[in-house]
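One structure below.
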Amino acid sequence: MSKKILILSASPRKGGNSDKICDEFLKGALDAGHSGEKIFLRDKKINYCTGCGFCNTNNYTACSQKDDMAEILEKMLEADVIVMATPVYFYTMDAQMKTFIDRCCSRYTHVTNKDFYFIATAADERKSALERTIDGFRGFTVCLDNVREAGIIYGSGVWQKDDVQNTTLLQDAYIMGTNV
């Protein structure tokens, strides 16, 4: 059965290590007969959550802010598989991903029945150094109904652009994409 894949790339640089891993994941999924799209969060206007409570008083169906977040949330609702990817700065997800997660508040109760994949890249060579970031992703998905953590790519030891080329991470991502 063909699945609809949505990849959320929080890399601030196109072609960065985490972004390239996203591309390979998507390529694998498409080659396996699935459909998919990658959203580069850097290219979207996503304001910070203001904590205004509008979403809460509207049954989590809308946000008071008018930016690109509503469109992305709609794509999340339509997807079967969601991939969340971030570079790791100071041992946690980057600001683009955290801002995105905070803004999911307006529709998070509707994000159900999904498989989630997490991708994190960091200069630190220890896989354990990425756990705080993965825990951050889990802190988001634990608030959702009937979602599954389907896979993780720990991109440790990649700092400079293209460092990922000297690892098996691109191949790992492609294979993971074929197996969604």
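Beta carbons closer than 7 Å, at least 6 apart along the sequence or on distinct chains, pair a first residue in segment 163-180 that is among the charged types (D, E, K, R) with a second that is not in a helix (DSSP H, G or I) for Asp172/Ile153. In summary, Met1 fulfils each of the numbered conditions (1) modelled with pLDDT of 95 or more; (2) part of a loop (DSSP other than H, G, I, E, B); (3) under 27 Å from Asp172 (Cβ atoms) with the single exception of condition (1). When segment 75-85 is filtered for residues that are surrounded by 12 or more Cβ atoms within 10 Å (Cβ to Cβ) and either farther than 15 Å from Ile119 by Cβ or more than 14 Å from the chain's Cα centre (by Cα) (or both), the ones remaining, listed by number, are Lys75, Met76, Leu77, Ala79, Asp80. Hey, does segment 138-148 have a residue that's closer than 18 Å to Thr167 by Cα and either under 15 Å from the mean Cα position of the chain (by Cα) or touching a residue at least 24 places away in the same chain (Cβ under 8 Å) (or both)? Checked segment 138-148: no residue is closer than 18 Å to Thr167 by Cα and either under 15 Å from the mean Cα position of the chain (by Cα) or touching a residue at least 24 places away in the same chain (Cβ under 8 Å) (or both). Among the residues of segment 89-135, the ones that are closer than 23 Å to Asp172 by Cα and not aliphatic (A, V, I, L, M) come to 19 in all. So Val88 fits all but one of (1) touching a residue at least 24 places away in the same chain (Cβ under 8 Å); (2) farther than 23 Å from Asp135 by Cα; (3) within 16 Å of the chain's Cα centre (by Cα); what number is the exception? Single failed check for Val88: (2). Keeping to segment 15-57, report how many residues are surrounded by 13 or more Cβ atoms within 10 Å (Cβ to Cβ) and in a loop (DSSP other than H, G, I, E, B). Number satisfying all stated conditions: 7. Give the residues of segment 106-164 that are surrounded by 14 or more Cβ atoms within 10 Å (Cβ to Cβ) and small (Gly, Ala, Ser), sorted by residue number. Those that are surrounded by 14 or more Cβ atoms within 10 Å (Cβ to Cβ) and small (Gly, Ala, Ser): Ser106, Ala120, Ala122, Ala123, Ala129, Gly136, Ala150, Gly151, Gly155, Ser156, Gly157.
The values are calculated or read from the model by the stated rules, or taken from the named source; none is laboratory data. What you see is a predicted model, and the numbers here were worked out from it, not measured in a lab. Please note: Cβ atoms are built from the backbone with ideal geometry, for glycine as well, and neighbour counts cover all protein chains shown.
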